[in-house]
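K.L.:
One structure, as structure tokens, below. Some questions next.
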Amino acid sequence: MQGLIIIIITAALLDNVVLSQFLGICSFLGVSTKTEVALGMGGAVVFVITIASAVASLLYDFVLAPLSLGYLDTIVFILVIAALVQVVEMFFKKSIPSLYNALGIYLPLITTNCAVLGVALNNVTYGYNFIESVLCGLGTAVGYLVAIVMLAAIRERCEGCEYLESFKGVPMVCICAALMSIAFFGFSGLNI
Amino acid sequence: MQGVEIDVKRILHDTLILFVICIVSGLLLGLAYEITYPITSARKAAEKAATYASMFDGADHFEDHAEVIESSTAVLADAGINATIRDCMFAYDASGNVLGYAYSVVTAGKQAEIVTAVGVQADGTLLGIDILESSETSGLGTKADEPEFKDLFPGRKVSSLKTVKKAASADNEITAISGATVTTNAVVNAVNAALAVSASLN
Amino acid sequence: MNKHFENPFIDTIYNGIVRENPTFVMVIGMCPVLAVTTTASNAIGMGLSTTAVLILSNMIIAALRHIIPDGVRMPAYIVIVATFVTVCDFLMEAYTPELYQSLGVYIPLIVVNCIILGRAEAYANKNTVYLSCADGIGMGIGFTIALLIISSVREILGAGEWFGNPIYTASDFFAPIEILIKSPGAFLVLAVLIAAKNKWKWVSDKKMEEDAKKAIRES
Amino acid sequence: MIVMAFNFVAVLKATLVVGIVGLLIGIVLGFAGSIFEVKKDEKEEKIRACLPGNNCGGCGYPGCDGCAHAIFLGEAPVNQCPVGGPKVAAEIAKVMGVADVPKTEARKAYVRKSDCVGCTLCEKTCAFDSVHVVNKKATVDLDTCKGCGACAAKCPKKAIDLMDESKARELFAAEPKAAAPAAEPAKAPEAKAAPAGEPQKAYVHKENCVGCTLCQKNCPFDSVHVENRKATVNQETCMGCGVCASKCPKKTIELMDASKAKALADQEAAAAAAAPAVEAVKAEAGKAVEAAKAEAGKAVEAAKAEAGKAAEAVKAEAAKTVEAVKAEAAKTVETVKSEATEAVEAAKVQVAETAAKAEEVVEEAVKEVKMHGRTASARPLQGAPGKKNKREHAKSINQKRV
């Protein structure tokens, strides 16, 4: 049991998917304008990455490994993730409209998100079994949620204050992200 | 569900196209892999043989000892090193007695796995290391493959090594590459694994 | 800044490099930009391999744009790009080992790069193969130039080297700034560069205004 | 080629796996698409088609669907998508049928004569040189005007509106034709004399003006000047265009009706005129202060001198008393010493006596112990000496003391 908790913590904080592995930056910089938007995006990412990691690890263990087609992992995972996201989005839009309005609108954004594929491939390289890869996916997604919500909150604060006019917009976001990334370095001291 | 019938034709149409695209891509991938696999693996094997030979310059010939791989998992488990021995070769000199052991050890780096070749003499002194495969962050992780890091290892006669942030004082300390401590740890783990297994062989 | 060329081919290329530069203007495809720009040689490697893949995948998708139905558009594009990249990866690993040694590590990164899928969706499936090829070239070169600028700044200030050969040694006057080589450095350099671009555009607008005022005052 | 055939099975396996996965996905997506079909408003669908669709999130909305939805609801402007740029904006504008469709109706700028103060800022910013200020009133040349709106943005009095060309031409025609250039001078003065509202003038509140000369630089009529770090507005030439007020970092320039500004300016001038009187008063006061200071100075000198003498006297007495005290102290010390020696002698004698008494006591104690010793050994020792032995011991000591 103790090993599983370590996996979650390392995935969420130690090597945070956005701030140290640098995956999923496009949506991280783009969508973090308001905190509710960021929360919605984070929620959708947690939902999708967890399912994607589960499906990916099942696929690898029961389809690719036995047929010794390990090299197909990238393409099969990408295919499955894209289809998965589209199906989940349709399912949400039809049957749970309330949840769709909160989370669903971000789902198409996640198909092109590098973090999802990154996590699925990492699970294979680290050789996690089913439970471990689901938890690693969950941890990574929670890390993403934490990072994007914090950035959104900082950005909202930045709207109010006065600063160099040419730094408004993307440059300010990058600086906030840089400072957050430095802060997340602190976690690496946490040797589990 | 009356509306569904009309769509069946559309669904079949879409699925067929997607199926064709996937078949073509599967074919391409399969062909590419099958053609290139023998070439790449031959090249890798040659590289490995060359590295081993460079380590044991006195060796006359190498013999593969697959049985060591099974026994090594138990040894590594209780030594608490999470690494896997991919293969192990014994180096023999002309008269046939064992000069030392050469291992390819797989450990988890920052981005993906790192395969390190480790040469250990029969009496346990470390002969040297080489990085066979690694996809570490360019600029930082790849420094592990440069001579000034690799030359730290030869000639050490210790049971296990430790990474230290500041300058190494004792014989069993290796200074970590700045900015790539995870990579250094991965390589040091690999070396420790090789040392542990060699000790168990004597 | 907004020069227009009559020949659409060159105009799309110019558009990709300057007007809609993927890194500085549209801010997409940031994952490799931040991860790989630790040294200039890596940046060139990444830039060129991405350009090659971008051009070819743009052309294939443009060719198939009428065939692929809208229902399965997303998976189809993804499969094409992924297959293309993986085949490149295998071929390079087998036939050009040394090139693979330096570029190999970026190939899987390209599959994750949003630019290729972004351009496929935004441009390639709406234009002819000819223009898509131009867009691929433009975007690719724009991306490579951006990578080169960012990585040069990071390498020179961060490690005192450029393309691997040292320029200056750490003297008491100026020691390399270590943080630039680590991950947050990429964000900082990017922020400053985009701010500089905004400032340059802002100043040039203001200069245009001043000229207008001066001209009128003289007349 | 044999090698090729050998691994054909592997290639077949790979193709089949990817093919089947693709097949499954095609079917699942197809059915999911039709089961979960939700009819979206067709116009939003069209907007979504114009957008690039790479869901980069650059517009701040969650992907292109979110952006299309916002544009459809009218929350977001037509050019919200940064990646799409002007081309996409034009397409969406067509779909939305929004007014700013350039092709159909050219837009022109039109200057409302009443609000215009003739500050020539519009003339300066117009890139097509189609705005000219003719004696304090700006007029737009409708042929060359491109409708870019630069002048409208710059105009401090917001006197310029952007409207469709036809409407602008009507208004222009409707302007009092008498305002033809020939009659212009006649018209202009009355306009100034009996303007709709009182003309505005600028006035600088001196107290928080820091003399940064920004107003002076920006005033189109050069009617603000900074003297010894304070800005003053020349009421005659000031056209009340308000540029200085907007530029002033301390926000200390106020636009007010000409009369009020005049009154304040006059008040200030009076104060300035009075300045010399004030100067004089100040000067006198200065002198008086000087004189007072001088006298005070002398008095202080005198006081100091006396104090000095008194201090001498005091010091002398103090010295004498100190001598006396020292003498007495010496005597007392002598007496104390002699007493101390006698006391020491007495103490020595006493000590000797007590020592002798102590020896007698000791001999007695020794005799007793010998007597007890014979009886004690006969009785066996039971643990530590009990309370009884302690009492006897205490009694024996009392007897000795008495």
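Values in this text are rule-based calculations from the coordinates and carry no lab data. What you see is a predicted model, and the numbers here were worked out from it, not measured in a lab. Ideal geometry is used to build each Cβ from the backbone, glycine not excepted, and the neighbour counts take in all protein chains shown.
K.L.:
For peptide A:157-167, compute the average count of partner chain beta-carbon atoms within 10 Å of each residue's beta-carbon.
P.N.:
2
K.L.:
Radius of gyration and Dmax for segment C:137-186's Cα atoms, expressed in Å?
P.N.:
Cα-based Rg and Dmax for segment C:137-186 come out at 12.7, 44 Å.
K.L.:
Using only DSSP helix segments of four residues or longer, with each worth -39500 (n - 2.57), what per-residue ellipticity at 222 nm results for chain B after dividing by its residue count and rounding to 500?
P.N.:
Rounded to the nearest 500, the figure is -16000 deg cm²/dmol.
K.L.:
Using only the alpha-carbon atoms of the protein assembly as shown as identical scatterers, what base-10 log of I(q)/I(0) does the Debye formula give at q = 0.05, 0.06, 0.07 Å⁻¹?
P.N.:
For the protein assembly as shown, the Cα-only Debye profile gives -0.54, -0.66, -0.78.
K.L.:
Treating the angle as unsigned and between 0 and 90°, give the value, to the nearest 10°, between the Cα long axis of helix B:67-79 and the longest Cα principal axis of chain B.
P.N.:
For B:67-79 against chain B, the angle is about 80 degrees.
K.L.:
What is the spin-label model distance, in nm, from residue B:73 to residue B:200 if the labels are put 7 Å beyond Cα along the C-beta direction?
P.N.:
Roughly 1.1 nm, to one decimal.
K.L.:
Using a simple spin-label model with points 7 Å from Cα along the Cα→Cβ vector, what separation in nm is obtained for residue D:350 and residue B:62?
P.N.:
Once both label points are built, they end up 10.7 nm from each other.
K.L.:
Let me ask something else about it. What is the order of A:74, D:144, fewest Cβ neighbours within 10 Å to most?
P.N.:
Final ranking by Cβ density, sparse to dense: D:144, A:74.
K.L.:
Oh, and also: Order these by the 10 Å Cβ neighbour count, fewest first: D:110, C:130, B:92.
P.N.:
Sorted ascending by nearby Cβ count, the order is C:130, B:92, D:110.
K.L.:
What percent of all Cα-Cα pairs in segment C:8-218 falls into each 10 Å bin, going from 0 up to the bin containing the maximum distance?
P.N.:
Whole-percent P(r) values from 0 Å outward: 8, 28, 30, 20, 10, 3, 1.
K.L.:
How long are the three semi-axes of the equivalent ellipsoid for segment D:200-271, computed from the Cα gyration tensor as the root of 5 times each eigenvalue, in whole Å, largest first?
P.N.:
Each semi-axis is the square root of five times an eigenvalue, giving 16, 14, 11 Å.
K.L.:
Same structure again: How large is the dipole of segment C:8-218 about the Cα centre if only Lys and Arg carry +1 and Asp and Glu carry -1, each at its Cβ, rounded to the nearest 20 debye?
P.N.:
Using only the charged Cβ atoms, the result is roughly 640 debye.
K.L.:
List every residue whose amide H lies under 5 Å from the amide H of residue B:162, counting only residues 5 or more places away in sequence or on a different chain, with H placed 1.01 Å from N in the peptide plane.
P.N.:
When sequence neighbours closer than 5 places are left aside, the close amide H contacts are B:173, B:174.
K.L.:
Provide the three semi-axes, in whole Å and in decreasing order, of the ellipsoid equivalent to segment C:54-151 as defined by the square roots of 5 times the Cα gyration tensor eigenvalues.
P.N.:
For segment C:54-151, the ellipsoid semi-axes come out as 24, 17, 11 Å.
K.L.:
Mind checking the mean number of beta-carbon atoms from other chains within 10 Å of the Cβ atoms in C:120-129?
P.N.:
Across the residues of C:120-129, the mean count of other-chain Cβ atoms within 10 Å is 3.
K.L.:
So what is the relative contact order for chain C, in percent, with contacts set as C-alpha pairs under 8 Å and at least six apart?
P.N.:
Relative contact order of chain C: 32 percent.
K.L.:
Under a plain spin-label model, where a point goes 7 Å from the Cα along Cα-to-Cβ, how far apart in nm are residue B:159 and residue C:167?
P.N.:
Output for this residue pair reads 5.1 nm.
K.L.:
At most 11 other Cβ atoms within 10 Å plus a DSSP loop assignment makes a site exposed; report the longest stretch of chain B without any exposed trypsin sites (Lys or Arg not before Pro).
P.N.:
B:1-164
K.L.:
What pairs in D:46/D:158; C:213/D:247; D:124/D:260; D:87/D:113 have C-alpha atoms more than 27 Å from each other?
P.N.:
Distance filter (> 27 Å) returns D:46/D:158; D:124/D:260; D:87/D:113.
K.L.:
For segment A:138-149, what does the Karplus curve 6.51 cos²θ - 1.76 cosθ + 1.60, with θ = phi - 60°, yield as ³J(HN,Hα) per residue in whole Hz, taken in order and with x for Gly and Pro?
P.N.:
With coefficients 6.51, -1.76 and 1.60, one gets 4, x, 4, 5, 5, x, 4, 4, 4, 5, 6, 5 Hz.
K.L.:
Long-range amide H contacts for residue A:21: which residues qualify at under 5 Å (H placed 1.01 Å from N, peptide plane, sequence gap of 5 or more or a different chain)?
P.N.:
Here A:16 satisfy the definition.
K.L.:
Arranged by the count of other C-beta atoms within 10 angstrom, fewest first, what order do C:154, D:48 take?
P.N.:
D:48, C:154
K.L.:
Also: So what's segment A:1-157 giving for Cα Rg divided by 2.2 N^0.38 Å, two decimals?
P.N.:
Expressed relative to 2.2 N^0.38 Å, the Cα Rg reads 1.02.
K.L.:
Next up: Given N residues in segment B:1-55, what is Rg(Cα) / (2.2 N^0.38 Å)?
P.N.:
2.29
K.L.:
Could I ask something else about it? In segment D:117-164, which trypsin sites (Lys or Arg not before Pro) fall in coil by DSSP and have 13 or fewer other Cβ atoms within 10 Å?
P.N.:
Here the sparse-neighbourhood loop sites are D:158.
K.L.:
A further question follows. For Cα pairs less than 8 Å apart in space and 6+ apart in sequence, what is the mean separation divided by the residue count of chain B, i.e. the relative contact order in percent?
P.N.:
Here the relative contact order equals 16 percent.
K.L.:
Return the FRET efficiency for the residue pair residue A:94, residue A:159: r is the Cβ-Cβ distance, R0 is 25 Å, and the value is rounded to the nearest 0.05.
P.N.:
E between residue A:94 and residue A:159, to the nearest 0.05, is 0.10.
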